[in-house]
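Asker: Let me begin by handing over the structure; questions about it come next.
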Amino acid sequence: MNHPFHAETACSLAKVRLRIEIHRLTQRAQLATVVEFAQARARLGVGPAVLSRAGCLDLPEFIRCPECGAHLAADVFEHNVDTGVPDTFGVHLCCTALQEELAQALQTDTVPVWNHHFLPLQWAGVNRLAAEWLHRNVRIAP
Ligand SMILES: [Zn+2]
């Protein structure tokens, strides 16, 4: 009799479907939050965030490392001095997982395992997304 096997399989499939559904709903909620925030900011006339000087800043959750999925930070090293808008090509994206790996290697005097390849094609979409987000949301003050 294979009844218990069927019950286990059905249960496993139900768990997988549930995880997929939760992931789908989470993604939808995150996107809705980003859109609603942008709409509210526009409606209320709230301008972009202003950094006191060029430097590293954390990017929002939806912009992630295309190689490992970790958070990304943006190192803004060039911007328009009149408007404060970060320059599209004056931004370097940093994977926080790699930064932590480097910090640990320095502390333990070991060689970090660099498992990122930074293939331009793989990073092109994330670079564009980050540049667009920075253009919309960040200004650099002198
Ligand atoms: Zn990464």
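Where a number appears in this text, it was derived from the coordinates with a stated rule and is not lab data. In this text the structure is predicted, and so the values were computed from the model without any measurement. Cβ sites come from the backbone with ideal geometry, for glycine too, and all protein chains shown count toward neighbours.
Asker: Could you point to the residue in 62, 107, 138 farthest towards the positive end of the stretch 48-142's charge dipole, with +1 and -1 charges on the Cβ of Lys/Arg and Asp/Glu respectively?
Answerer: Working it through, the farthest residue towards the positive pole turns out to be 138.
Asker: While we're here: Tell me, in nm to one decimal, what length is gained between residue 111 and residue 39 on full extension, where the rule is 0.36 nm per residue of separation less the Cα-Cα distance?
Answerer: Between residue 111 and residue 39, full extension yields 21.3 nm more.
Asker: A further question follows. Just grab the label-to-label distance for residue 57 and residue 87, each label 7 Å out from Cα along the Cβ direction, in nm (one decimal).
Answerer: Inter-label distance under the simple model: 1.8 nm.
Asker: What order, most packed first, do the peptides 108-116, 84-92 have when packing is the mean number of other Cβ atoms within 10 Å of each residue? Don't skip to the end; give the middle numbers.
Answerer: Values: 108-116: 10.3, 84-92: 16.8.
Highest mean packing first, the order is 84-92, 108-116.
Asker: Have a look at 5, 46, 76 and report the one farthest towards the positive end of the charge dipole of the chain, computed about the Cα centre with Cβ charges (Lys/Arg +1, Asp/Glu -1).
Answerer: About the Cα centre, the residue reaching furthest to the positive side is 5.
Asker: Test of understanding: extend the Cα→C-beta vector of residue 68 to 7 Å, then name every residue of the stretch 96-127 with backbone N under 11 Å from that spot.
Answerer: 96-105, 112-117
Asker: Please report the relative contact order for the stretch 48-142, taking Cα pairs under 8 Å with a sequence separation of at least 6, and give it as a percent rounded to a whole number.
Answerer: The normalised contact order for the stretch 48-142 reaches 39 percent.
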